[in-house]
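First up is the structure itself, then whatever we jot down about it.
The values are calculated or read from the model by the stated rules, or taken from the named source; none is laboratory data. Remember, it's a predicted structure, so these values are computed and weren't measured experimentally. Cβ sites come from the backbone with ideal geometry, for glycine too, and all protein chains shown count toward neighbours. Quick note on the areas: whole protein, heavy atoms, side chains included, nothing else; ligands and nucleic acids left out. Shrake-Rupley method; radii C 1.70, N 1.55, O 1.52, S 1.80 Å.
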Amino acid sequence: MPTESFDKQMIIAQPPQHIYDYLCHPTHFVRLQPLIKDIFNIEESQDDDGHTIYRYEATEAMSLFGFKLNNHLRAVMTLAEPGRVLMQVAQAPMGVQVKQVLTLSPVPEGTSVNNHIEVTAPRPLLGFSTATAKEAHAALLEELKRRMETA
């Protein structure tokens with residue numbers, strides 16, 4: 001299946017560990033990523049390398065041609081590099097998968113947050129899925145900045 005990828009970056013005036021501690025709880029992504037309206041059935045475990053893994057389900061509120069849709073997602077969050085790298089892979093309906101890698105790096109102003117996204121989808125859905133992901137993940141960084149800098 002075809003894949004498209006993109007990156008979004010932002011500087012947030014907080015140390016990396018503070019941001020990471022917030023992001024490593026799946027429920028904090030409700031409305032942080034604006035399409036996610038609910039996260040439930042969270043299960044915590046560890047992978048073979050000892051990284052914490054969260055498996056969960058989510059409801060994503062979408063709009064397509066003016067129709068409101070609730071997508072049911074199955075997701076896995078991996079705390080890949082504590083304090084620095086967090087990965088999420090979400091499986092959506094119709095064969096759409098979105099992989100997100102958030103990397104936090106210290107900078108003099110606080111933290112550089114890089115959000116790398118890979119969207120995999122059947123060819124007819126790839127353009128729409130990628131455009132939706134670009135908008136949602138740009139909004140995610142804006143909301144993360146707001147939450148971190150006003151807390």
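Here are a few things to note about the model shown:
- Calculated [θ] (222 nm, deg cm²/dmol) that DSSP helices of n ≥ 4 give over the chain, each run adding -39,500 (n - 2.57): -8000 deg cm²/dmol
- D49 - accessible surface, heavy atoms, 1.4 Å probe, Å² rounded to 10: 120
- Within straight-line reach of K145, meaning a Cα separation under 16 Å, sit the following lysines at least 8 residues removed in sequence or on another chain: K8.
- Overall, segment 5-72 carries a charge dipole of about 520 debye about its Cα centre when +1 sits on the Cβ of Lys and Arg and -1 on the Cβ of Asp and Glu, all other atoms neutral.
- In the elastic network of the chain, a GNM with C-alpha springs shorter than 10 Å, the most mobile of L23, L69, L104 is L69.
- Probe 1.4 Å - accessible area at I36, Å² to nearest ten: 20
- Dipole of the chain, positive end: most advanced residue of G83, V30, Y56 [Cβ charges, Cα centre]: V30
- Solvent accessible area, Å² - S5, 1.4 Å probe, full protein context: 70
- Accessible surface computed residue by residue for the chain, with neighbouring protein chains in place and a 1.4 Å probe, gives 53 Å² per residue.
- Fluctuation leader among T132, T27, T59 - the chain, Gaussian network, Cα springs under 10 angstrom: T132
- Correct choice for Cα extents along the principal axes in Å that was computed from the model, options (1) 43, 33, 27; (2) 68, 46, 35; (3) 53, 42, 25: (1)
- Note on segment 67-151: Cα-Cα pairs beyond 18 Å make up 51% of the total pair count.
- With every protein chain in place, the chain: carbon and sulfur % of accessible area (1.4 Å): 53
- If you run the Gaussian network model on the chain, springs between alpha carbon atoms under 10 Å, then out of M62, M94, M77 the most flexible one is M94.
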